[in-house]
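**Student:** My structure is below; once you've seen it, I'll send some questions.
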Amino acid sequence: MSALILLTVIQFKEKHSAFTNGGLRALIFNEKSNGLAESGAIVRIGRKVLIDETKFFAWVESQNKAA
């Protein structure tokens, strides 16, 4: 079992430079319509939004297969 890695949007963007701040925030804003919410990749603790790195990339891979 892999370790749970939760990152803020800024931390995620810095670690994975292919994603922009605005692009990530747009994905999070539309999470209910794009399937990101269903994937469990977005974790909210109060007002803080965190990205589960493993689930996010599993969601990205599923988007690639859907195309």
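The values are calculated or read from the model by the stated rules, or taken from the named source; none is laboratory data. Since this is a predicted model, take the numbers as computed values, not measurements. Glycine gets a Cβ as well: all are built from the backbone with ideal geometry, and neighbour counts include every protein chain shown. These accessible areas exclude ligands, DNA and RNA; they are computed on the full protein's heavy atoms, side chains included. Shrake-Rupley method; radii C 1.70, N 1.55, O 1.52, S 1.80 Å.
**Student:** Give me the pairs, please: first residue somewhere in segment 48-67 and touching a residue at least 24 places away in the same chain (Cβ under 8 Å), second residue anywhere and of a type in the set (A, V, I, L, M, F, W, C) and assigned to a helix (DSSP H, G or I), beta-carbon distance under 6 Å, and either six or more positions apart or on two chains.
**Tutor:** Between residues of segment 48-67 that are touching a residue at least 24 places away in the same chain (Cβ under 8 Å) and residues that are of a type in the set (A, V, I, L, M, F, W, C) and assigned to a helix (DSSP H, G or I), the close pairs are 51/12; 59/36.
**Student:** Here's a follow-up. Only one of 24, 50 is open to solvent by less than 40 Å² (accessible area, probe 1.4 Å), part of a strand (DSSP E or B) and out of contact with any Cys (no Cβ under 6 Å at 6 or more places or on another chain); which?
**Tutor:** Being open to solvent by less than 40 Å² (accessible area, probe 1.4 Å), part of a strand (DSSP E or B) and out of contact with any Cys (no Cβ under 6 Å at 6 or more places or on another chain) holds for just one of 24, 50, which is 50.
**Student:** For residues in segment 27-42 being outside any helix (DSSP H, G or I) and within 15 Å of residue 57 (Cβ to Cβ), which is farthest from the chain's Cα centre (by Cα)?
**Tutor:** Out of the qualifying residues, it is 35.
**Student:** Which residue pairs have Cβ atoms closer than 8 Å, lie 6 or more positions apart in sequence or on different chains, and pair a first residue in segment 1-21 that is in a strand (DSSP E or B) with a second residue that is among the charged types (D, E, K, R)?
**Tutor:** Note: pairs meeting the criteria are 6/52; 6/53; 7/15; 7/53; 8/48.
**Student:** For residue 41, work out the one condition from (1) of a type in the set (Gly, Ala, Ser); (2) at pLDDT below 95; (3) surrounded by 13 or more Cβ atoms within 10 Å (Cβ to Cβ) it doesn't fulfil.
**Tutor:** (2)
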